[in-house]
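Let me begin by presenting the structure, written as structure tokens, before commenting on it.
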Amino acid sequence: MIGWYDSFEHVKQKLLVWVARQDQEDYLKTRGYLGALAIGLPIIYLPERHIRRIQGSLLVMPAHSINETTQSWNIASYLRTIYDVRDRFSDIVVCLHASCWGKDNVRRAFQDGPFPVIQGAGGEVNALHRMQQLLSTFEYVTSNSSGSHMAYGAFFGAKVSIFGKYAELSKADLQNHITYKKYPWRLALDLASGSEQNTLKHFPFLFGLPWEVKQQIEWGREQVGYASRKNPEELKKLFGWAIHRRVFKLALVRRAAGRLYGFTRAQAQRLRPCIARHLNVGVEAKP
């Protein structure tokens, strides 16, 4: 075990770990990850757009699950809470996470409510642009849970809030997630981290009446790592996008494709794109 630990410590020092913020970089480096570097979240690299914001409009972004998890909080009750304050806003739209949209029972529960329901960003190629459009169009964004949507909304100038009964997650909601099956000790930690108590402790200013909250642009910028953004040349170097590196990697791919023992040459050629993807090099498969 001592030898394994020493080997892992050596690997940690060489790992490239890109994070959003400087405090995250500093934390990882104190734990031996010397390759940690703050470069901001991808959303900060979107080009600026001048989008007309609808005054008095409210975008409701409820707590969401993912494919392997469930949500046990009361959707109908939350919608009633929003309905009771509807006169405070010119327009109200509910935006569902893509995973919730894909669950018929969840989507229908919202669609049966009193407000229009749209699908939020998922894994599509224009996901970040879609988020930018939505969060720059509505004056107010509210939720019943903490999450990245709070930081993104604040970053784009929306007035964000947590309002209504907080959507606390339970062990039953998360127990089928692969992370907690593999690392069950993390479940209690993550539940505590995302709880109302912890969120209120760290971000008390997020809680309030949606129509009374103010912009938190500087906080949003801090959360998404805006101060750590890199210029295009720096990013090219970090990601290995220089032409000479791509040529070198392509040579490695071709060499590997011809030396895959146990495969015919034709089979090895078809494996080249798989190898290339791990090296960030575009290669066409040959028949």
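The values are calculated or read from the model by the stated rules, or taken from the named source; none is laboratory data. Values in this document were obtained by computation on a predicted structure and should not be read as measured data. Quick reminder, even Gly has a Cβ in these numbers, built from the backbone with ideal geometry, and neighbours come from all protein chains shown.
What the table shows:
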quantity	calculated
Hey, D112 more than 24 Å from the chain's Cα centre (by Cα) and surrounded by fewer than 20 Cβ atoms within 10 Å (Cβ to Cβ) or not	yes
Candidate set: the stretch 62-76, residues that are part of a loop (DSSP other than H, G, I, E, B) and small (G, A, S); chosen: the one modelled with the highest pLDDT	A63
Residues that are assigned to a loop (DSSP other than H, G, I, E, B), among the aliphatic types (A, V, I, L, M) and either under 13 Å from H97 (Cα atoms) or more than 20 Å from the chain's Cα centre (by Cα) (or both), drawn from the stretch 45-56	I51
Enumeration of residues in the stretch 88-124 that are of a type in the set (V, I, T) and over 20 Å from T137 (Cβ atoms)	V106
Residue in the stretch 227-248 that is modelled with pLDDT under 80, among the basic types (K, R) and part of a helix (DSSP H, G or I) present	yes
Looking only at the stretch 81-105, and only at residues there that are at pLDDT 90 or above and among the charged types (D, E, K, R), the one that is nearest to Q133 (Cα to Cα)	D91
Hits in the stretch 86-132 (condition: among the aliphatic types (A, V, I, L, M) and in a loop (DSSP other than H, G, I, E, B))	A121, V125
Of the criteria (1) of a type in the set (G, A, S); (2) at positive phi; (3) in a helix (DSSP H, G or I), which one G40 fails	(3)
Within the stretch 113-137, tally of residues that are of a type outside the set (A, V, I, L, M, F, W, C) and free of Cβ contacts under 8 Å to residues at least 12 places away in the same chain	3
Count of residues meeting criterion [more than 17 Å from V60 (Cα to Cα) and either modelled with pLDDT of 95 or more or of a type in the set (A, V, I, L, M) (or both)] in the stretch 152-186	4
Exclusive hit being loosely packed, with under 12 Cβ neighbours inside 10 Å and of a type outside the set (D, E), set Q197, Q223, Q215, Q175	Q197
Qualifying residues in the stretch 182-194 (those that are surrounded by 12 or more Cβ atoms within 10 Å (Cβ to Cβ) and not hydroxyl-bearing (S, T, Y)) - the one farthest from Y166 (Cα to Cα)	R186
Only listed residue being crowded, with 18+ Cβ neighbours inside 10 Å and either in the same structural domain as S170 (by TED's automatic domain parsing) or hydroxyl-bearing (S, T, Y) (or both), chosen from N144, N74	N144
Extreme residue, farthest from F155 (Cα to Cα), among residues of the stretch 2-37 that are at pLDDT 75 or above, surrounded by 12 or more Cβ atoms within 10 Å (Cβ to Cβ) and among the basic types (K, R)	K29
Some residue of the stretch 105-112 being free of Cβ contacts under 8 Å to residues at least 40 places away in the same chain and in contact with a strand residue (DSSP E or B) (Cβ under 9 Å, 6 or more places away or on another chain)	yes
Subset of the stretch 147-206 (residues that are among the aromatic types (F, W, Y), assigned to a loop (DSSP other than H, G, I, E, B) and touching a residue at least 12 places away in the same chain (Cβ under 8 Å))	F156, F163, Y166, F203
The listed residue being touching a Leu at 6+ places or on another chain (Cβ under 8 Å) and not in a loop (DSSP other than H, G, I, E, B), out of L59, L79	L59
